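Let me begin by presenting the structure, written as C-alpha cells, before commenting on it.
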Amino acid sequence: MNIEKRTYNNTSRAKNADKSTINIIHTTGLLWTKYAINDITLEMIAEHSGLTIRTLLRKFGTKENLFEACLAYDAAHVKKKRNMARKGDIGHIVSTLIENYEEMGDASIRTIFLEPDMEIARKIGQTGRETHRAWCAQVFEPFLPEQNANSYDMT
C-alpha cells in the first residue's frame, strides 16, 4: 500500500483563519448597522458570514467577545471614515460628520438605548464617545485654544 504523506501549509491555514475572522467581524459590523445588538444572533452572523456557529464560538467564545473584537477592529469603519476629514476644513468636517451620522446614527441610538441593560452596549457607547471627542480635538485643533498645565481635562 502506497500512502502519500500529506503536507500542511500553516501559512495558508493562518491566512484563511485571518480572513474568516475579518469576515465575521465585518459581517457583525454590518448587522449592527441594521439591527439592535440584542436582536443580532450568532445564527444571523453565521448565516451572513457563510460560516457555522461552531466556528464563531471557537474563534470568539461568546457574542459579547465577538462584539468586543468588532469594537477593537473598528468593524463599522467609523474611525476610518472620520479620519478622512481634513483638519481645519469646517465644510469638509461637517459633511464627514453628517455622512457618518446618516450611516451610523440609527445604530448608535439603538445601542445607547441598550446601555442600561447590556455591558457591551455600554462599552460601545463609551468607545464611541471617546472616539468622537478625540476626533473633534484632532479636526478642530486649529480653532482650539492651546492647552496648558493648568487646563482641566473635560473627558
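Nothing in this text is a laboratory measurement; each read-out follows from the coordinates by a stated rule. Nothing here was measured: the structure is a model prediction, and the numbers come from that model.
Roughly how large, in nm² to one decimal, is the mean projection of the convex hull of the alpha-carbon atoms in region 85-137?
Spelled out: convex hull of the Cα atoms, projected over all directions, averaged, 3.6 nm².
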request  = Give the relative contact order (percent, whole number) for region 15-141; include only Cα pairs under 8 Å separated by 6+ residues.
outcome  = 27
query = Thinking of region 15-141 as a set of Cα atoms, what percent of all their pairs are more than 19 Å apart?
reply = 50
